[in-house]
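S.K.: Below is one structure. I have some questions about it.
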Amino acid sequence: MSDTPSAQILSRLSRDEFVGRGAEVRRVCALAQAGSSSNAFLLGAQRAGKTEVLRQSFDCLFNERGQVIPFYFALRRSSVEPEEFARDYFSQCLAQFLAFRSNNARLISGNEPLALIARAASPEDHPWVTSLIDSFIRALESGDESLLVRCALSTPAAAGSYAKLNPLVMIDDWHLLAGTELRAEFLRTLTNRGSDESATYMLAGMQRMMIELIPPDGELFDKLEMIRLDRLGEDDYEKLVRRLAEARGIEIGDSTIELMSQQLDRDLFYTRAIVDAAASRGSRLQTFIEFERIYTSEVVSGRIGHYLDALFRDASSDARNGRAMLEASALLIEAGSSIPIDAIVERVTKYTSGHTVDAEALIERMHSRELLDASYGFVSAPGDPVLSDYVRAKYRSEIAGVPRPAAGEELLGEKLKHSYRLMMSRYNRAIQSQLIEVLSRFDFQSIPSSLFHHAAFDKRYRGMSRVQVRRALDDEPERVRLPQIVVVNDLGPVDEAGVSCRLFAATGFEGGIYTEANEVLWLVALINSKEPLDVETIGRIDQRLETAMSSERTAQTNAAARVVSWYVSKEGFSAVASERLANLQTNLQAHRSTYSNLDLIQDYMDKLALGGEARPATVFELVIPIEDEAELIAARTAEQIARAADFDQEAINQIKTALIEACINAAEHGDSPDRKIHQRFAIDDNRLIITVSNKGKTFGRADRQSTPSVAAQPVKAARGRGLQIIRALMDEVEFERTDDGARLTMTKYLKRPGSQ
Amino acid sequence: MSVAEIRAKLVEDAAVIYPGPYLNQLRGEDVENQCQEFLTSGVRRIVINFEETELINSIGISILLGVIESVNHVQGLLVLSNLNASNRELFEMLGLMSHVEMVDTEEIALLKLTGEVGQAVV
């Protein structure tokens, strides 16, 4: 099954713009395959792309023309009255059935009368279609709304049975059934699975409301498959934003993409709204201020603002509730944490005086629409940063009386100040995750001790490249035996001027024996500062560590556990601070490392985990434009990297020549739309792997059979011999086609003295 | 990117051309034009000195082949000198050794062209 349909029928996104959801589409498509007996919910946060997954799945199954016949229906708030729904559902399902039978997607698009739809049936299908329409008309004329809805809902199953196909019915916005007469008939249809005429149902919508629609004791839950649509991963999100921007001809900066990922929480709707708004205004998204201007305007008075207005309107049963909802939201955002529901009820009641409103019901509706999170008597703001900005700006303009343009400017100022902090906190979070991962992997390994002793490391390895250090660490005789860590706790930040510091406590055992005597507590301070850590700062962090040590010891069953402290500082330690830490060893073993040491510890642990046979490579990336002599920049880069990896001059020259040929080929044959050549240099213990890729149709003649000997070829044909030169100079050469171009991977092995 | 202009000089009735640090299409065409000028003006002995040439690509080599052909066509003599090890390896790989003589230094090349050295040092 292909990831994406070959023709767009219901899907709204092109193949390029539909990123990172291939697995979910495959799961949806597999639902109605033979043997499957489950209905399914497609669950995910709002605006995670559920509708598009359903639409892409429809297209996929339609184009595949296999044993599964797809049906798609989106409930609308305006058509949940039984008769209107039944007419709509019946005619759409029938049109989709006939479209599938005749492989004519155009039948789906129109909202044609039944008689016209029936005309599209083949002579073979016509009698069955006519009889189906007759049954429906009879149900319509009976005046029995339940019968009519039942009749409409049975259409996909009846069609599947007639055509001997498995129907997969995808219902979007299923939550709109809440409080309607349709709910009971739908639930009955869903439990009809397994009978002669049945269909598999895939339901999507607002997840909280959907779950509430299903009775907790019902058998539906027994066979209900849950497909969860998480937020796009960072890589997929970046790919998506680049493609959206490229398709709209917008220049976008790498940092802006990272900021968007953080500030928009990788929300697909918000992201498209921003990129579309930039396109319509002819603005770039290269800088933070360009992005924040568009963002502010979208939140205050653009598509995002209108969308959130609509969401609030939808949650409000009465236009007069608007202020109460805004007050409640603002209170929650201001609080920054959960607050008792009574406090919110009080605030809501205060601002709904003058008309009768059930404050708890209003809060419940806001919860259902994910405008707040209510749980066990407490309420909190949902983790949607854009919603928070919208509420703050709306509060200023609607309640505090600040004119709308001024409210927007205030938001812009806030966002600009916040954007740099956001990027920094992202960096800090990444390091924190790395530290936690490293601690969690402590498993009695024996690690070179210099990695825990910054001064010794500096003395021993100063001036050496990272590749050289990695090799030399193998030969280091002094070792630190790690404990096995069982649990890592985040003890929170330490407030220090100019320094970002966070403490962690890791508890475990030493020596491989699980006794109280072997219990150990590692207290870790992760410190990000611009300068090497001075003695005063160390002193203050020490105090915090001691406090943390006392409370951790109190919390532990074994208060006598040995304590080890570990300072991990981005910029290392001043000489005086190092000395002070060294003196601490009399009563408290103190390790000190830099971020770079932490990286090497992780790297060393990776190597040990791989049995010493291989080690993850150090990777460099370079992108050069396709223009005169840019390949020289690539060659110079390769030279520096190869030299740092201890390649001899002869090998370096061979690598440079081969890389130049690879770049020329990529430029000459690539027909690359972005006019760029992407290069990746990966060094591990014994080789340099260079990958050169472009976005073009071909890559020279590498994909053809290679010629065994370059020298055997007539010299006149030297031009165009680039790939043969590469093969002759490098040890391994491989060519691959990629989705959007071609990739050449060439490897040079390091020949150490004495090696063959 | 700035790459030095090619240089050339006349030593008695022989010409010496220095292609510069990178022999690519651009520099190759410059060498070809310079060589053509010498041939047009009656010079028949030419040395191409690669002492400054760090890198040569396949397009540069193909143009060089054209230069060899042009010199042969007018019964001239061409000698290459001062190739570094990797460029020499590249030329060997592409079979240029059978079409043109390569020597270690410009001096030997000039002697070779005047017939004072019977056997070029390859």
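The values are calculated or read from the model by the stated rules, or taken from the named source; none is laboratory data. Small disclaimer: the values here were computed from a predicted structure and weren't measured. So basically every Cβ, Gly included, is an ideal-geometry build from the backbone, and we count neighbours across all protein chains shown.
S.K.: Return only the number of the condition from (1) touching a strand residue (DSSP E or B) at 6+ places or on another chain (Cβ under 6 Å); (2) more than 14 Å from chain A (Cβ to nearest Cβ); (3) under 29 Å from A:ARG636 (Cβ atoms) that B:ASN33 does not satisfy.
M.R.: In the conditions (1) touching a strand residue (DSSP E or B) at 6+ places or on another chain (Cβ under 6 Å); (2) more than 14 Å from chain A (Cβ to nearest Cβ); (3) under 29 Å from A:ARG636 (Cβ atoms), B:ASN33 misses (1) alone.
S.K.: Pull out all pairs, ordered by first then second residue, where Cβ-Cβ is under 6 Å, the residues are six or more apart or on different chains, the first lies in segment B:4-30 and is in contact (Cβ under 8 Å) with a residue 40 or more places away in the chain, and the second is loosely packed, with under 15 Cβ neighbours inside 10 Å.
M.R.: Once the first residue is in contact (Cβ under 8 Å) with a residue 40 or more places away in the chain and sits in segment B:4-30, its partners that are loosely packed, with under 15 Cβ neighbours inside 10 Å give B:VAL16/B:LYS9.
S.K.: Just one of (1) touching a residue at least 24 places away in the same chain (Cβ under 8 Å); (2) hydrophobic (A, V, I, L, M, F, W, C); (3) assigned to a helix (DSSP H, G or I) trips up A:PHE221, so point out which.
M.R.: (1)
S.K.: OK, next. State which residue is modelled with the lowest pLDDT when the search covers only segment A:571-605 and only residues that are β-branched (Val, Ile, Thr) and in contact with a helix residue (DSSP H, G or I) (Cβ under 6 Å, 6 or more places away or on another chain).
M.R.: Step one: list which residues in segment A:571-605 are β-branched (Val, Ile, Thr), which gives A:576, A:586, A:594, A:601.
So of that shortlist, the ones also in contact with a helix residue (DSSP H, G or I) (Cβ under 6 Å, 6 or more places away or on another chain) come out as A:576, A:594, A:601.
Details: A:VAL576: 83, A:THR594: 94, A:ILE601: 95.
That would be A:VAL576.
Results for (1) over 26 Å from B:GLU29 (Cβ atoms); (2) away from chain B (no Cβ under 11 Å); (3) buried (at least 20 other Cβ atoms within 10 Å of the Cβ), shown as yes or no for each residue.
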| residue | (1), (2), (3) |
| --- | --- |
| A:THR618 | yes, yes, no |
| A:ILE626 | no, yes, no |
| A:GLU629 | no, no, no |
| A:LEU632 | no, no, yes |
| A:ALA662 | no, no, yes |
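S.K.: Say we look at segment A:478-495 and pick out the residues that are at pLDDT below 90 and either in contact with a strand residue (DSSP E or B) (Cβ under 8 Å, 6 or more places away or on another chain) or not assigned by TED's automatic domain parsing to the domain that holds A:HIS453 (or both); which of these is nearest to A:PHE573 (Cα to Cα)?
M.R.: The extreme case among them is A:VAL494.
S.K.: Still on this structure: Quick test for you: out of A:ILE171, A:ILE117, A:ILE133, pick the one residue that is touching a Leu at 6+ places or on another chain (Cβ under 8 Å), at pLDDT below 90 and in the same structural domain as A:GLY44 (by TED's automatic domain parsing).
M.R.: Residue meeting the stated conditions: A:ILE117.
S.K.: Among the residues of segment A:369-391, what is the count of those that are part of a helix (DSSP H, G or I) and surrounded by 20 or more Cβ atoms within 10 Å (Cβ to Cβ)?
M.R.: Adding up the residues that qualify gives 5.
S.K.: Then there is this: Is it the case that some residue within segment A:320-328 is within 16 Å of A:TYR395 (Cβ to Cβ), within 29 Å of the chain's Cα centre (by Cα) and either surrounded by fewer than 19 Cβ atoms within 10 Å (Cβ to Cβ) or modelled with pLDDT of 80 or more (or both)?
M.R.: Just the residues of segment A:320-328 that are within 16 Å of A:TYR395 (Cβ to Cβ), to begin with: A:321-328.
Restricting the remaining residues to those that are within 29 Å of the chain's Cα centre (by Cα) gives none.
No, that holds for no residue.
S.K.: Those residues that are basic (Lys, Arg) and under 23 Å from the mean Cα position of the chain (by Cα), I need them from segment A:40-94; list them, please. Even if it seems obvious, please write down each step before you answer.
M.R.: Just the residues of segment A:40-94 that are basic (Lys, Arg), to begin with: A:47, A:50, A:55, A:65, A:76-77, A:87.
Matches in segment A:40-94: A:ARG47, A:LYS50, A:ARG55.
S.K.: Okay, next question. Kindly indicate whether A:ALA407 is crowded, with 19+ Cβ neighbours inside 10 Å and either at pLDDT below 85 or not basic (Lys, Arg) (or both).
M.R.: Numbers: crowded, with 19+ Cβ neighbours inside 10 Å: yes; either at pLDDT below 85 or not basic (Lys, Arg) (or both): yes.
Yes: the conditions hold for A:ALA407.
S.K.: Within segment A:71-93, does at least one residue satisfy the condition of being farther than 16 Å from A:ASP134 by Cα and touching a His at 6+ places or on another chain (Cβ under 9 Å)?
M.R.: yes
S.K.: Residues being in a strand (DSSP E or B) and at pLDDT below 85: count how many of those fall in segment A:530-561.
M.R.: Total meeting the criteria: 0.
S.K.: Further question: Out of the residues in segment B:14-57 that are part of a helix (DSSP H, G or I) and hydrophobic (A, V, I, L, M, F, W, C), state the one that is nearest to A:GLU627 (Cα to Cα).
M.R.: Within segment B:14-57, the match that is nearest to A:GLU627 (Cα to Cα) is B:LEU26.
S.K.: Go through A:ARG243, A:ARG231 for me and flag whichever is at pLDDT below 95, over 26 Å from A:ALA204 (Cα atoms) and of a type in the set (D, E, K, R).
M.R.: The conditions single out A:ARG243.
S.K.: Being closer than 16 Å to A:ALA506 by Cα, within 32 Å of the chain's Cα centre (by Cα) and surrounded by fewer than 17 Cβ atoms within 10 Å (Cβ to Cβ) is the filter here, so list the residues in segment A:433-474 that pass it.
M.R.: Once the filter is applied, which keeps residues that are closer than 16 Å to A:ALA506 by Cα, within 32 Å of the chain's Cα centre (by Cα) and surrounded by fewer than 17 Cβ atoms within 10 Å (Cβ to Cβ), segment A:433-474 yields A:SER433, A:GLU437, A:SER440, A:ASP443.
S.K.: Any chance segment A:144-163 includes a residue that's surrounded by fewer than 16 Cβ atoms within 10 Å (Cβ to Cβ) and at positive phi?
M.R.: no
S.K.: On to the next question. Kindly provide the set of residues from segment B:22-42 that are farther than 19 Å from B:LEU90 by Cα and among the charged types (D, E, K, R), ordered by number.
M.R.: Passing the criteria: B:GLU29, B:ASP30, B:GLU32, B:GLU37.
S.K.: Scanning for something β-branched (Val, Ile, Thr) and either within 14 Å of chain A (Cβ to nearest Cβ) or surrounded by fewer than 14 Cβ atoms within 10 Å (Cβ to Cβ) (or both), does segment B:6-26 turn up at least one residue?
M.R.: In the first step, residues of segment B:6-26 are kept if they are β-branched (Val, Ile, Thr); the result is B:6, B:11, B:16-17.
Checking the rest, the ones that are also either within 14 Å of chain A (Cβ to nearest Cβ) or surrounded by fewer than 14 Cβ atoms within 10 Å (Cβ to Cβ) (or both) come to none.
Looking for residues that are β-branched (Val, Ile, Thr) and either within 14 Å of chain A (Cβ to nearest Cβ) or surrounded by fewer than 14 Cβ atoms within 10 Å (Cβ to Cβ) (or both), one finds none in segment B:6-26, hence no.
S.K.: Here is a follow-up. Can you give me the ranges of the helices (runs of 4 or more DSSP H) entirely in segment A:111-179 with at least 3 residues that are of a type in the set (D, E, K, R)?
M.R.: Where helices (runs of 4 or more DSSP H) fall fully within segment A:111-179 and carry at least 3 residues being of a type in the set (D, E, K, R), they are A:126-142.
S.K.: Can you report the number of residues in segment A:67-82 which are buried (at least 16 other Cβ atoms within 10 Å of the Cβ) and either in contact with a strand residue (DSSP E or B) (Cβ under 9 Å, 6 or more places away or on another chain) or closer than 14 Å to A:ARG26 by Cα (or both)?
M.R.: 8
S.K.: Next question, about the same structure. Would you be able to say whether some residue in segment B:93-102 is out of contact with any Cys (no Cβ under 6 Å at 6 or more places or on another chain), within 14 Å of another protein chain (Cβ to nearest Cβ), crowded, with 18+ Cβ neighbours inside 10 Å and part of a helix (DSSP H, G or I)?
M.R.: yes
S.K.: Quick test for you: out of B:ASN84, B:ASN49, pick the one residue that is touching a strand residue (DSSP E or B) at 6+ places or on another chain (Cβ under 6 Å) and among the polar types (S, T, N, Q).
M.R.: Answer to the check: B:ASN49.
S.K.: Can we say A:ALA48 is assigned to a loop (DSSP other than H, G, I, E, B), over 19 Å from A:LEU165 (Cα atoms) and aliphatic (A, V, I, L, M)? I'd like the intermediate steps shown before the answer.
M.R.: Working: assigned to a loop (DSSP other than H, G, I, E, B): yes; over 19 Å from A:LEU165 (Cα atoms): yes; aliphatic (A, V, I, L, M): yes.
Taking the combined requirement at face value, the residue satisfies it.
S.K.: If you don't mind, another one. Could you identify the single residue in B:LEU90, B:LEU65 that is at pLDDT 90 or above, under 26 Å from A:ALA635 (Cα atoms) and either out of contact with any Phe, Trp or Tyr (no Cβ under 8 Å at 6 or more places or on another chain) or buried (at least 22 other Cβ atoms within 10 Å of the Cβ) (or both)?
M.R.: Among B:LEU90, B:LEU65, only B:LEU65 is at pLDDT 90 or above, under 26 Å from A:ALA635 (Cα atoms) and either out of contact with any Phe, Trp or Tyr (no Cβ under 8 Å at 6 or more places or on another chain) or buried (at least 22 other Cβ atoms within 10 Å of the Cβ) (or both).
S.K.: Return yes or no: is B:LEU78 in contact with a strand residue (DSSP E or B) (Cβ under 8 Å, 6 or more places away or on another chain), in a strand (DSSP E or B), touching a residue at least 12 places away in the same chain (Cβ under 8 Å) and away from chain A (no Cβ under 12 Å)?
M.R.: yes
S.K.: Quick one: in segment A:634-651, which of the residues that are of a type in the set (Asp, Glu) and without any contact (Cβ under 8 Å) to a residue 24 or more places away in the chain is nearest to the other protein chains (Cβ to nearest Cβ)?
M.R.: Of everything passing the filter in segment A:634-651, A:GLU650 is nearest to the other protein chains (Cβ to nearest Cβ).
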